[in-house]
Amino acid sequence: QVQLVESGGGLVQTGGSLRLSCAASGRTFSSGAMAWFRQAPGKEREFVAVISWSSSATYYADSVKGRFTISGDNAKNTVYLQMNSLKPEDSAVYYCAAKTGLVRQTTAAYNYWGQGTQVTVSS
């Protein structure tokens, strides 16, 4: 069974940066996608960014485009999310997710999930 473990969350001031990591174990991903989602209290889980292993294509939510960068390290089965110019509205629990097949930007499309890591941006 695939397991995903996020790390790197924490408390940061507005305008600061954080780098999240998601390490996968139990399976080698030769195709498919790994993505980041986030969920704030009382709100629905929303798509943040995704990377395709087969095409290397990346896609971002409009709200984070230009500020966040997703990348992957195939040898380590790890995906990263570099977050710059953080805003209070970025505060949420960030979840790593993985799937086989085509890239998707919806929560329901992913069958592997991490436990989440808290990101809090102070104003």
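The values are calculated or read from the model by the stated rules, or taken from the named source; none is laboratory data. Quantities reported herein were computed from a predicted structural model and do not represent experimental measurements. A quick note on method: Cβ atoms are made from the backbone with ideal geometry, for glycine too, and the neighbour counts reach across all protein chains shown. To get the accessible areas, we keep the full protein, side chains included, count just its heavy atoms, and leave off ligands, DNA and RNA. Shrake-Rupley method; radii C 1.70, N 1.55, O 1.52, S 1.80 Å.
Annotations
- Per residue, the accessible area of the chain comes to 51 Å², computed with a 1.4 Å probe over protein heavy atoms only.
- GNM result for the chain, Cα springs below 10 Å: residue of Ala108, Ala98, Ala24 fluctuating most strongly: Ala108
- With every protein chain in place, region 35-123: carbon and sulfur % of accessible area (1.4 Å): 47 percent
- Cα centroid separation, region 92-123 to region 1-60 (Å): 5 Å
- Which of Ala57, Gly32, Thr14, positive extreme of dipole for region 12-69 (C-beta unit charges): Thr14
- Hits among aspartates and glutamates - C-alpha to C-alpha of Lys76 under 20 Å, sequence gap 8 or more where chains match: Glu6
- The alpha carbons of the chain give a radius of gyration and a Dmax of 13.4, 41 Å, in that order.
- Hits among lysines - C-alpha to C-alpha of Lys65 under 23 Å, sequence gap 8 or more where chains match: Lys43, Lys87, Lys99
- Model label points for Lys76 and Ala57, set 7 angstrom from Cα along the Cα-to-Cβ axis, are 2.7 nm apart.
- Of all the options Gly32, Gly15, Gly42, the one that moves most in a Gaussian network model of the chain with Cα springs shorter than 10 angstrom is Gly42.
- Cα-centred dipole magnitude for region 1-121, charges only on beta-carbon of K, R (+1) and D, E (-1), debye, nearest 20: 120 debye
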